[in-house]
C-alpha cells in the first residue's frame, strides 16, 4: 500500500544506481585521526586533546548535512519555496559502552533533531516535506535502524 504523502522517486526505480563511497584515514597511535574524503581533509579527536570533533559528533554532523541535502532535493521536487534551514542535533551517549562495559551500547541512546525552515509555505506543506525527508534521509535511517530513538522537531519560520 503506497503512502499518498510520499513523493515519487527522483530516479528510475527499475534501473540499478549503486554507488561506492570511499574514504581513507591515518591514525598515529593517538585519539586523533586524519581522514581524507576525495580532496577534503577531516580530523576527529577526543575532547581531552581537542584537535577536532569526536567521531560521534561527526555522526551528528553527518546527520545534519544529510538532512540539508534531502530537504533541498525534496523541496525541489515539491516546488517548496524556502530561503534557508537551521539545523541542530544532540545525542545522549553513555561513555561506559565505548569503554567496554557489557550491556551498555557504545553509541547513542537517543538523538534530538531541530529543524527550522525559513518559508512562507503552509504547515501542511511543511509536514509533507518533513514526511518525505525523514523517509529518504540515509543517515537518519541508519540511526533508526540501529534502534536509536530519533526525535525530530520541525518548525516553520515565516519570512
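Restricted to the range 131-159, and to residues there that are more than 10 Å from residue 63 (Cβ to Cβ) and without any contact (Cβ under 8 Å) to a residue 24 or more places away in the chain, the residue that is surrounded by the most Cβ atoms within 10 Å (Cβ to Cβ) is 134.
Looking only at the range 113-130, which residues are assigned to a helix (DSSP H, G or I) and surrounded by 16 or more Cβ atoms within 10 Å (Cβ to Cβ)? Of everything in the range 113-130, those that are assigned to a helix (DSSP H, G or I) and surrounded by 16 or more Cβ atoms within 10 Å (Cβ to Cβ) turn out to be 125, 126, 128, 129, 130. Scan the range 87-112 for residues that are assigned to a strand (DSSP E or B) and either closer than 16 Å to residue 46 by Cβ or touching a residue at least 40 places away in the same chain (Cβ under 8 Å) (or both) and jot them down. If the condition is that a residue be assigned to a strand (DSSP E or B) and either closer than 16 Å to residue 46 by Cβ or touching a residue at least 40 places away in the same chain (Cβ under 8 Å) (or both), then 91, 110, 111, 112 are the ones that fit.
Each value in this text was obtained by applying a stated rule to the coordinates, not by laboratory testing. Given the structure is predicted, the values throughout are model-derived calculations rather than measurements. All Cβ positions, even for glycine, are placed from backbone atoms using ideal geometry, and neighbour counts span all protein chains on display.
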